[in-house]
Amino acid sequence: MKNLANIDCWIFDLDNTLYPASTNLFAQVSEKMTSYIANFLGIDKAKADKMRYEYWQKYGTSLAGLMKNFKIDPDHFLEVVHDIDFSSLNKDSKLINTLNELPGRKVVYTNGTVPYARQVLKYRGLADAFDEIYGIENANYIPKPSPKAYKMIFAKSNIIYNRSAMFEDEIRNLKVPSDLGLKTILICDTPTNENYVDYSVENLPDFLRQIISTSFTEKN
């Protein structure tokens, strides 16, 4: 934890990072995306689902691919696909407590929207845990892992690279932050050997507790 000693800004992804992937919340979003694409392009759902996935892989988000290849209203798309049932999310007192005790500024940066992020945080009991929230609309709909997206958001948030750390569940989204000088933490079940990932973490609250304990020890 020594290389996190000078960190005073913590940047968190949202989906499958601030709630467990096992919740499967994003499956609802994916299903909505598939239906939207099928209706918008007049194609069957199997083809639409394949397109959704391929665009996500190639462009960072399905929306980015749709914007590049078709005339689509991003605001309407995002409003429709994020209109989901959040009741599968539960409050996690351990995560709430560790985030509240974590010293420094806390930021959410998601490829979703700010209103969607606020709903997720509300249902997780984390509505007051973060100082700032940034969504894809704040990056002109350019998604992570595009370097342009990070630089745009980091500039808006006045991020000091060598004093910040980023938490992500998608490994490809940590390469640019690492290159910029941020510390990187991957939320995953299986450790990675990628040199741009500083920590692979299975349990976020436990990892945050280690950071808090280390910070307290160093100050005393």
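Between Q28 and N97, the modelled label-to-label distance comes to 2.8 nm, taking each label 7 Å out from Cα in the direction of the beta carbon.
A quarter of the convex hull surface defined by the alpha-carbon atoms of the chain gives 11.8 nm² as the mean projection.
Farthest towards the positive end of the charge dipole of the chain, among the residues V80, N69, I185, is the Cα of N69, using unit charges on the Cβ of Lys, Arg, Asp and Glu. Within straight-line reach of K148, meaning a Cα separation under 23 Å, sit the following lysines at least 8 residues removed in sequence or on another chain: K58, K68, K71, K106, K156, K175, K183.
Between L41 and D85, the FRET efficiency from the beta-carbon distance, with R0 = 30 Å, is close to 0.70.
Placing +1 at every Lys and Arg Cβ and -1 at every Asp and Glu Cβ, with all other atoms neutral, what dipole size does the range 59-145 have around its Cα centre, in debye to the nearest 20? Please list the in-between numbers first.
Numbers: 10 positive and 11 negative charges, 52 e Å.
Roughly 260 debye for the range 59-145.
With all protein chains in place and a 1.4 Å probe, the accessible surface of the range 91-188 carries 49 percent carbon and sulfur.
Its Cα centre serving as origin, the range 152-220 has a Cβ charge dipole (Lys and Arg +1, Asp and Glu -1) of approximately 400 debye. Rg/Rh, computed from the Cα trace of the range 21-107 with Rh as the Kirkwood radius, has the value 1.11.
Over the chain, dividing the summed -39,500 (n - 2.57) contributions of all DSSP H runs of at least 4 residues by the number of residues returns a 222 nm mean residue ellipticity of -13500 deg cm²/dmol. Against the chain, whose longest principal axis is taken from its Cα atoms, helix 114-123 shows a tilt of about 60°. Ordered from highest to lowest accessible area with the whole protein assembly present and a 1.4 Å probe, R105, R209 read as R209, R105. How big is D for the range 120-169, in µm² s⁻¹ as a whole number, if Stokes-Einstein is applied with the Kirkwood radius of its Cα pairs at 25 °C and 0.890 mPa s? Calculated translational D: 200 µm²/s.
Each peptide among 37-44, 14-21 gets the average number of other Cβ atoms lying within 10 Å of its residues, and from highest to lowest they stand as 14-21, 37-44. Put simply, the Cα atoms of the range 82-180 extend 35, 33, 23 Å along their principal axes, the longest span coming first.
For the range 70-220, calculate the relative contact order in percent as a whole number, restricting contacts to Cα pairs under 8 Å that are 6 or more residues apart.
Working: 180 pairs, mean separation 27.3, N = 151.
Value for the range 70-220: 18 percent.
Rounded to the nearest 20, the size of the Cβ-charge dipole of the range 47-196 about its Cα centre is 400 debye, with Lys and Arg at +1 and Asp and Glu at -1.
Extents of the range 128-220, taken as max minus min of Cα coordinates on every principal axis and listed largest first, are 42, 29, 24 Å.
The values are calculated or read from the model by the stated rules, or taken from the named source; none is laboratory data. As the structure is a computational prediction, the values presented were derived from the model and not from experiment. Here Cβ is always computed from backbone atoms with ideal geometry, including for glycine, and neighbour counts include all displayed protein chains. For accessibility, only protein heavy atoms count, side chains too; no ligands or nucleic acids. Shrake-Rupley method; radii C 1.70, N 1.55, O 1.52, S 1.80 Å.
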